[in-house]
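Report on the structure given below.
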Amino acid sequence: MRVALVMVTCLLIAVSFPHALEDFHYGDLLRLGIPASITYTLLATAYALQLIGIAFTLRGSASGVVLLGVMGAVWCLGALFVHGRDLLFAGAGYRHGMISRALESLIIVLGMFAAALAVRLRVTATA
């Protein structure tokens, strides 16, 4: 199951990167009052933490599993907070149409899946 968590995290990184570029293009976080320099730093930090989590998880460390679970939850909840309303109510002309909606939806689902896998790994490890 550790390998599954790592694979889901790699997919999350692969999906979130083009979406993050789209967010920068449309200024989503600027709209929330977060300066561009801070958003770049936050994104780089998130990816760094995920890479560290992957390395620790593959070495058998419980802290890696926890880190990947937390980061999955952060991506999921962040995408819901920033894009949830748009996913439900924006019209057909929203950003790049179905591609944008698919990326946002995948971030939510993959983040939730990573968090759930991490919880499952921790629960079974302590049982």
- Only unsatisfied item for residue 60, checking (1) farther than 17 Å from residue 106 by Cβ; (2) part of a helix (DSSP H, G or I); (3) not aliphatic (A, V, I, L, M), is (2)
- Item | Cross-chain or 6+ apart pairs with Cβ under 6 Å, region 48-64 first and over 12 Å from residue 118 (Cα atoms), then among the charged types (D, E, K, R) and in a helix (DSSP H, G or I) | none
- Among the numbered conditions (1) out of contact with any Phe, Trp or Tyr (no Cβ under 6 Å at 6 or more places or on another chain); (2) within 25 Å of residue 5 (Cα to Cα); (3) surrounded by fewer than 21 Cβ atoms within 10 Å (Cβ to Cβ), tell me where residue 103 comes up short. (3)
- How many residues does region 8-47 contain that are over 14 Å from residue 75 (Cβ atoms), of a type in the set (Gly, Ala, Ser) and in a helix (DSSP H, G or I)? 3
- Item | Tally of residues being surrounded by 15 or more Cβ atoms within 10 Å (Cβ to Cβ) and either in contact (Cβ under 8 Å) with a residue 24 or more places away in the chain or of a type in the set (Gly, Ala, Ser) (or both) across region 84-97 | 1
- Are any residues in region 1-33 in contact (Cβ under 8 Å) with a residue 60 or more places away in the chain and of a type in the set (Asp, Glu), and if so, which ones? 22
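Quick note: the coordinates plus some simple rules give every number you see, no bench work behind them. Predicted model only: the values in this text are computed from it and were never measured. Every residue, glycine as well, gets a Cβ built from its backbone with ideal geometry; the counts of neighbours run over all protein chains shown.
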